[in-house]
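To start, the structure under review is shown below, and the notes come after it.
Please treat every number below as a calculation from the coordinates, not as lab data. What you see is a predicted model; the values in this text were computed from it and never measured. We place every Cβ from the backbone using ideal geometry, glycine too, and count neighbours over all the protein chains shown.
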Amino acid sequence: GEDVEQSLFLSVREGDSSVINCTYTDSSSTYLYWYKQEPGAGLQLLTYIFSNMDMKQDQRLTVLLNKKDKHLSLRIADTQTGDSAIYFCAESGGVTGGGNKLTFGTGTQLKVEL
Amino acid sequence: DVKVTQSSRYLVKRTGEKVFLECVQDMDHENMFWYRQDPGLGLRLIYFSYDVKMKEKGDIPEGYSVSREKKERFSLILESASTNQTSMYLCASSPEDREYEQYFGPGTRLTVT
């Protein structure tokens, strides 16, 4: 079955860039996503990228996709303390009419230090 | 704004009890999902539904059932709660035309003693 892997922890200093990495195994993945979970809250969709794209930028967020290596990354520029959260990578195999199941990674806990 | 609400933030139940977790969304979404979240395991899909009275098993349906009698409401049922069902339960919904955009509720932390 599909598998999505992430490292569990990342610590950065305020103002630095953060890069959170993710690898996946399903070559038929159509969409790849980054979700953010703040303490005590549900998941919030941050951004997503279609598999035919290499890069997507949205303000401080840059998503890079290397489809050949099945590697996805999320770069957060000028990381702030408010960015401290768990970040989940997820993939789906395209619209199936059956709810478009997502497969999530384990989540990366980002800690931003002053 | 899409709003997905869950009936309880924290719940404590005893082993063997029947437990109902309720989820309501207010954006007329066709698709609804139940996940459980455990440290080091990420989110795992329990059940999902793409229409009223329709349900599909996810990756870990054992020990759970669901009910979707109305479009806006999706219930997760633990027929006989066990300690290994202690977890954070997250509900999500997505629209039919943008199935990839899942919106999550705040979660219910269930403890089974």
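Would you mind checking which residues have amide H under 5 Å from B:Asn31's amide H? H placed 1.01 Å from N; only 5 or more apart, or other chain.
B:Ser94, B:Glu96
With θ taken as phi - 60° and the coefficients 6.51, -1.76 and 1.60, list the Karplus ³J(HN,Hα) couplings across the stretch A:52-57 in order, rounded to whole Hz; mark glycine and proline as x.
8, 10, 9, 8, 9, 10
With θ set to phi - 60° and the Karplus curve 6.51 cos²θ - 1.76 cosθ + 1.60, what are the ³J(HN,Hα) couplings of the stretch B:70-86 in order, to the nearest whole Hz, using x for Gly and Pro?
Rounded to whole hertz, the list is 10, 4, 7, 10, 9, 10, 10, 10, 9, 5, 8, 4, 10, 4, 6, 9, 5.
Beyond 16 Å, what percent of the Cα pairs of chain A remain?
Working: 3672 of 6441 pairs.
The proportion of pairs with Cα distances above 16 Å equals 57 percent.
Where the convex hull is taken over the Cα atoms of the stretch B:1-85, what is its projected area averaged over directions, in nm²? Provide the component values of the computation, followed by the final result.
Numbers: hull surface 23.4 nm².
Hull-based average projected area comes out at 5.9 nm².
Take the alpha-carbon centre of the stretch A:1-64, take the same for the stretch B:29-73, and report the distance between them in whole Å.
23
List, in order, the whole-Hz ³J(HN,Hα) value for each residue of the stretch A:73-82 obtained from phi through the Karplus relation with A = 6.51, B = -1.76, C = 1.60 and θ = phi - 60°; use x for Gly and Pro.
Taking θ as phi minus 60°, the curve returns 9, 10, 10, 10, 7, 6, 4, 10, 4, x Hz for the stretch A:73-82.
Can you pick out the pairs among A:Lys70/B:Lys55; B:Lys3/B:Lys70; A:Lys36/B:Lys57; A:Lys36/A:Lys101 whose Cα atoms lie more than 27 Å from each other?
Values: A:Lys70/B:Lys55 31 Å; B:Lys3/B:Lys70 16 Å; A:Lys36/B:Lys57 25 Å; A:Lys36/A:Lys101 18 Å.
Going by Cα-Cα distance, A:Lys70/B:Lys55 fall outside the 27 Å limit.
At what distance in nm do the modelled label points of A:Ser27 and B:Asn84 sit from each other, each positioned 7 Å from its Cα along Cα→Cβ?
That separation, rounded to one decimal, is 3.5 nm.
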